Amino acid sequence: MTLGHVWLVGAGPGDPGFITVNGLAALRRADVVIYDRLASRDLLDETPTEAIRIDAGKSAGDHTLTQDEINALLVEYGLAGRRVVRLKGGDPYVFGRGGEEALALAEAGVPCTVIPGVTSAIGGLAAGGIPVTHRAVATSFTVVTGHEDPTKPHEGVDWARLAGATDTIVVLMGTARLDSIAHALIEGGRPATTPAAVVQEASTPRQRAVTGTLATIGELARTAQIGTPALFAVGDVVAFQRSLAPATLAPLAGKRVLITRTRAQASTLAEALRLEGAHPLLLPAIELDRRVDAAAAARAAAALGGGAYAWTVFTSANAVEAFLDALFAAGGDARSLGRTRIAAIGAATERALHMRGLRADLVPSEAIGEALGTALAVHVSGSRVLLPRAEGARDALPSALRAAGADVEELTLYLAAPPADPPAEVLAAVQGGQFDVAMFTSSSTVTNLAAMLGGDLSTLGNAVIACIGPIVAGTAREHGLRVDVVAEPHTIEGLVEATRAFLHARRPARTEVR
Ligand code: SAH
């Protein structure tokens, strides 16, 4: 029988990017994932599709699984030889009962590895703009549970002693008892004027922070209707929140950015955005449906191998992928392209070729069909040109090539259609206008999103609209959108950069903080 293994993995406080490299590696190899309510759902997408996913979410009141049941489940899967990831919010050993789970596994003889995580007490607080220490005002901090009732005589936390024993106090699970905890700290000698803050759902798109003093924080949190999970922080470091809140430090920080590319293509953009502190919201507006006419592909492959085409022209990374797959299926391979010259519309297409070991002979200075047509015009007169592409793609390029005297053969490979089954939750968020920026990387994402939203893009009205290039921007304008950002160069990096610059220029004047 195979020996199982359990990884107790810290998922970090909310932003899925806060998981460790080891934690991600464990997730990507898991057979079973047992996850917490506080662990980011996005991380589940990193597990193999065939993995068993179990929600152990314990939201107060409706226990999905008891702690004993969770321990038993871990042991059971471990003994059955499974690779189990126990995914926990924050760090597994900080108030997460990870210790109990590890002990149960040790007792049962199931191998276990603990992969630490970013605890909300430190990383979540940072996301809320509060450094847990600062040389001038805090040389120590204490993380404490607020779960126990300070008004009970036998409560475990000695608030009075804590009040003067440490600089920064971070209370977890304390939102329901803000008043009594604040009161107990004041009773213990901490001045009522000590800065205090509550940070709800730190490092997620729903993050909210409220700051005040020990005397006022309870009332302020109630007025703001702060909910769980939340951190309660007390100490002079809280005063930094005004100048260190991520949104005041970086233009994209905290911004919810709608991405409409295919899931497979979204990851580089999502990653670039996360690095800026933004929250990508994925609503793929295209699904690639491969539609290859095998006979046509075989004819093109044979002609290509025979040196019939002076040029093969690629207008997207998807076309490169689809064409090389079709070529392979037709019995050819990269060598079939040995007797043709290759043109690519832009950097992403060039990169896709590169990944397959192919070099583009021509890339226009601007990544649009018109520019590619102009650049190719001088080369193609009287030649046969192969153009593998999507069904219903724009006519600008083939028209320009034909006008230049080329014999253009289009090979249709796929259809870029709106997805049949978009994720309901994200769709609702988009319909509700719950995002700050919408990014478009192709005209079909604009058209398809409009179709998905019932022809009405008005929920995009308040967001910053960023397009990868002028053609996409034109399509967006045709749909009634006011385009704020047109990237230059027309690449993913260019799009992120141009959006950053736009938001930076638009930032409110810095208020003087003393
Ligand atoms: N192991 C976790 C803590 C589990 S206890 C960690 O290391 O962070 C659960 C408490 O953590 C919540 O009641 C809340 O106080 C805090 N918490 C966890 N994630 C949070 C988040 N994203 N924002 C604010 N508080 C959070």
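The values are calculated or read from the model by the stated rules, or taken from the named source; none is laboratory data. It should be emphasised that the depicted structure is a prediction, and the values quoted were computed from it without experimental measurement. All Cβ positions, glycine included, derive from the backbone under ideal geometry; neighbour counts span all protein chains shown. Side chains are part of the model used for accessible areas, which takes the heavy atoms of the whole protein and leaves out ligands, DNA and RNA. Shrake-Rupley method; radii C 1.70, N 1.55, O 1.52, S 1.80 Å.
These residues, Met355, Met439, go from largest to smallest accessible area, 1.4 Å probe, as Met355, Met439.
How much accessible area per residue does the stretch 5-118 have, in Å², with a 1.4 Å probe? I get 45 Å² per residue for this part. Charged neighbours of Ile54, selected by a Cβ distance under 12 Å, balance to -2 (K, R count +1; D, E count -1). Across all Cα atoms of the chain, the radius of gyration (one decimal) and Dmax (whole number) stand at 28.0, 94 Å.
Between the amide H of Leu258 and those of Leu281, Asp436, Val437, Ala438, Met439, distances stay under 5 Å, these residues lying 5 or more places away or on another chain, with hydrogens modeled in the peptide plane. Accessible surface computed residue by residue for the stretch 331-397, with neighbouring protein chains in place and a 1.4 Å probe, gives 51 Å² per residue. Coupling constants for the stretch 458-473 follow from the phi torsions by the Karplus curve (6.51 cos²θ - 1.76 cosθ + 1.60, θ = phi - 60°), and in residue order they are 5, 5, 8, x, 8, 8, 6, 9, 10, 10, 6, x, x, 5, 4, 4 Hz; glycine and proline get x.
Once you reduce the stretch 76-114 and the stretch 381-440 to the center of their Cα atoms, the two points are 47 Å from each other. In percent, rounded to a whole number, the relative contact order of the chain is 10, using alpha-carbon pairs under 8 Å and six or more apart. Computed with a 1.4 Å probe over protein heavy atoms only, the accessible area of Val85 comes to about 0 Å². Counting only GluC sites (Glu not before Pro) that sit in a DSSP loop (anything but H, G, I, E, B) with at most 11 other Cβ atoms within 10 Å, what is the longest stretch of the chain containing none of them? The reported range is 51-511.
Counting only DSSP beta bridges whose two residues both lie in the chain, roughly 30 percent are antiparallel. Computed on protein heavy atoms with a 1.4 Å probe, the accessible areas place His379, His183 in the order His183, His379, largest first. Sorting His354, His279 by solvent-accessible area of protein heavy atoms yields His354, His279, largest first, with a 1.4 Å probe. Separation of the stretch 284-357 and the stretch 189-255, taken as the distance between their Cα centroids, equals 54 angstrom. Taken about its Cα centre, the chain carries a charge dipole of roughly 960 debye when the Cβ of each Lys and Arg holds +1 and the Cβ of each Asp and Glu holds -1. Taking the DSSP bridge list for the stretch 5-118 and keeping only pairs wholly inside it, about 15 percent are antiparallel. Whole-Hz Karplus values for the stretch 241-246 come out as 3, 5, 9, 10, 4, x Hz, taken residue by residue from phi with 6.51 cos²θ - 1.76 cosθ + 1.60 and θ = phi - 60°; glycine and proline positions read x.
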